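J.: Okay, here's the structure, questions in a sec.
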Amino acid sequence: MEDRSNSALYLELGNSAARDTERRAGNLATLPGAERVSWWENCHPGRTDLPRKVEEGSMLTVAEVDRSFRAPGPPPGVTAHLFHRHPRPSQGILDGGATTGLLIVWISPKSPDRAQELRDWGDFVHIRHIAAAGIPGFTQISVFENAEDVDPRYMHFYEFASADPEATFKTMTPHVAPRLGGAESEAYADWADWRAHGGRLFYCNTFALVGKVSTIRPGEDDDIEPCRLV
């Protein structure tokens, strides 16, 4: 995905079978404003090491879209959100390779008056030090804002070039902590604690690429590309 800079992303998180998720991706790719749709498998379903305020899902569908896209009604039992790119730029490294893993973080301020505080912490402290650490497998980190006035307000969208996104995610703290004086330092505590900056974490998990489909218009052939991780 890092070869694009989409103005919006539409996500669906649910428990559909892989084949049904693939079919849904093909349907989304026919909609006006859609540019590419990919589907991903949850690498750590039901994780308990981080808070979760939304229903878990085994499969994630990501539609890369423009601002003309209008989100359809999601299938039953699916959590869906349309996010618009935040004005602040992405951070990280572009290496020209394919994105094969994702880390999805959905977060909101505790109250509207703390939104800027949370955003500044996220951009200038949390994401900044992750990007600066040059963690192997981490590439681009982009921030998006919910198109609707609902929770979660923000999405931190981490792209990985990794055959094992969950293992890559677990290397984040060991790489960042030494830069901040160790895991017992005040700087590390500030980097790690979204609550101290008015945040509420709604969802955080890793996903591995399964397949993708380019834009399809009625009458065109499907261009579905199953992907195999190595």
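J.: For region 101-138, how many residues meet the condition of being among the aliphatic types (A, V, I, L, M) and assigned to a strand (DSSP E or B)? Before the answer, list the steps.
T.: First pass over region 101-138, keeping only residues among the aliphatic types (A, V, I, L, M): 102-105, 107, 115, 118, 125, 127, 130-133, 135.
Now drop any that are not assigned to a strand (DSSP E or B), which leaves 102-105, 107.
The total comes to 5.
J.: Looking at region 23-47 only, could you name the residues that are assigned to a strand (DSSP E or B) and either free of Cβ contacts under 8 Å to residues at least 12 places away in the same chain or under 15 Å from the mean Cα position of the chain (by Cα) (or both)? Spell out the reasoning first.
T.: Here is the first cut: in region 23-47, the residues assigned to a strand (DSSP E or B) are 34-42.
Answer for region 23-47, where residues must be assigned to a strand (DSSP E or B) and either free of Cβ contacts under 8 Å to residues at least 12 places away in the same chain or under 15 Å from the mean Cα position of the chain (by Cα) (or both): 37, 38, 39, 40, 41, 42.
J.: For region 51-77, enumerate the residues that are surrounded by 19 or more Cβ atoms within 10 Å (Cβ to Cβ) and among the aliphatic types (A, V, I, L, M).
T.: Selection gives 59, 60, 62, 63, 65, 71.
J.: Looking at the structure I just gave you, is residue 189 in a helix (DSSP H, G or I), free of Cβ contacts under 8 Å to residues at least 60 places away in the same chain and within 17 Å of the chain's Cα centre (by Cα)? If you could, list the steps in order and put the result at the bottom.
T.: Details: in a helix (DSSP H, G or I): yes; free of Cβ contacts under 8 Å to residues at least 60 places away in the same chain: yes; within 17 Å of the chain's Cα centre (by Cα): no.
The answer is no for residue 189.
J.: May I ask you to verify whether residue 7 is open to solvent by 30 Å² or more (accessible area, probe 1.4 Å) and within 15 Å of residue 85 (Cα to Cα)?
T.: yes
J.: Still on this structure, please answer the following. Considering every residue within region 144-152, establish whether at least one is within 21 Å of residue 6 (Cα to Cα) and open to solvent by 60 Å² or more (accessible area, probe 1.4 Å).
T.: For region 144-152, residues within 21 Å of residue 6 (Cα to Cα) and open to solvent by 60 Å² or more (accessible area, probe 1.4 Å): present.
J.: Does residue 203 fit the bill of being touching a strand residue (DSSP E or B) at 6+ places or on another chain (Cβ under 7 Å), within 17 Å of residue 123 (Cβ to Cβ) and not small (Gly, Ala, Ser)?
T.: Spelling it out, it is not the case that residue 203 is touching a strand residue (DSSP E or B) at 6+ places or on another chain (Cβ under 7 Å), within 17 Å of residue 123 (Cβ to Cβ) and not small (Gly, Ala, Ser).
J.: Farther than 23 Å from residue 95 by Cβ and either part of a loop (DSSP other than H, G, I, E, B) or modelled with pLDDT of 95 or more (or both) - does that describe any residue in region 156-166?
T.: Checked region 156-166: no residue is farther than 23 Å from residue 95 by Cβ and either part of a loop (DSSP other than H, G, I, E, B) or modelled with pLDDT of 95 or more (or both).
J.: Only one residue in 207, 160, 138, 124 is farther than 24 Å from residue 57 by Cβ and of a type in the set (Phe, Trp, Tyr), so which one is that?
T.: Answer to the selection: 124.
J.: Determine whether region 93-109 contains at least one residue that is under 17 Å from residue 145 (Cα atoms) and open to solvent by 30 Å² or more (accessible area, probe 1.4 Å).
T.: Within region 93-109, the subset under 17 Å from residue 145 (Cα atoms) is 103-109.
If we keep only those that are open to solvent by 30 Å² or more (accessible area, probe 1.4 Å) as well, we get none.
Among the residues of region 93-109, not one is under 17 Å from residue 145 (Cα atoms) and open to solvent by 30 Å² or more (accessible area, probe 1.4 Å), which makes the answer no.
J.: Can you report the number of residues in region 157-186 which are of a type outside the set (A, V, I, L, M), free of Cβ contacts under 8 Å to residues at least 40 places away in the same chain and farther than 23 Å from residue 100 by Cα?
T.: Start the filter on region 157-186 by keeping residues that are of a type outside the set (A, V, I, L, M), which leaves 157-160, 162, 164-166, 168-171, 173-175, 178-179, 181-182, 184-186.
Subset that is free of Cβ contacts under 8 Å to residues at least 40 places away in the same chain: 170-171, 173-174, 178, 181-182, 184-186.
Filter once more, keeping what is farther than 23 Å from residue 100 by Cα: 178, 181-182, 184-186.
Adding up the residues that qualify gives 6.
The values are calculated or read from the model by the stated rules, or taken from the named source; none is laboratory data. All of these numbers come straight from a predicted model, not from anything done at the bench. We place every Cβ from the backbone using ideal geometry, glycine too, and count neighbours over all the protein chains shown. We work out accessible area using only protein heavy atoms, side chains counted, and drop any ligands, DNA or RNA first. Shrake-Rupley method; radii C 1.70, N 1.55, O 1.52, S 1.80 Å.
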